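Read the figures in this text as sums done on the coordinates, not as results from a lab. Keep in mind it's a predicted model, so treat the numbers as computed, not measured. For neighbour counting, all protein chains shown are included, and Cβ atoms are generated from backbone atoms with ideal geometry for every residue, glycine included.
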Amino acid sequence: QVQLVESGGGLVQPGESLKLSCVASGSIFSIDTMGWYRQAPGKQRELVATVGTGGITSFADSAKGRFAVSTNGARTSVFLQMNGLKPEDTAVYYCNAQTYFQHNYWGQGAQVTVTS
């Protein structure tokens, strides 16, 4: 089992930045990939960015050039630095950890609201 706790959501204006953090605990040795997904009202949950073993990253087209994903050295935390935020980035952001056994774990979600 892997537990994920997120922090860092909030209300910002268009163009501003926000950083999300997620701390993993439990069977962290089993984690292969960590990352972030988001779900806007009335929409399905979608990939934002992931970082795998070896630091290989993957981004949604909407996040490329604006967002950065990283982990700490021990891979017990994953971060999402979001720059140039837009109203369409408004969503609940979920931390995700996928294990080598293809199990997915989710955080509780962090609300990000971008509005003027």
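Here the gap between LEU47 and ASP61, fully extended at 0.36 nm per residue and compared with their Cα-Cα distance, gives a gain of 4.1 nm. Of all beta bridges that DSSP places with both ends in the chain, some 95 percent have antiparallel geometry. Share of pairwise Cα-Cα distances greater than 16 Å in the range 57-102 is 48 percent (whole percent). In the chain, the ratio of gyration radius to Kirkwood radius, Rg to Rh, stands at 0.96 when only Cα atoms are counted.
Rounded to the nearest 0.05, what FRET efficiency do ASP32 and ALA68 have when you use their Cβ-Cβ distance and R0 = 25 Å?
0.80
With a cut-off of 13 Å between beta carbons, the residues surrounding TRP106 carry a summed charge of +1, where Lys and Arg count +1 and Asp and Glu -1.
Full extension of the chain segment joining GLN102 with GLN81 gains 5.0 nm, where the gain is 0.36 nm per residue of separation less the Cα-Cα distance.
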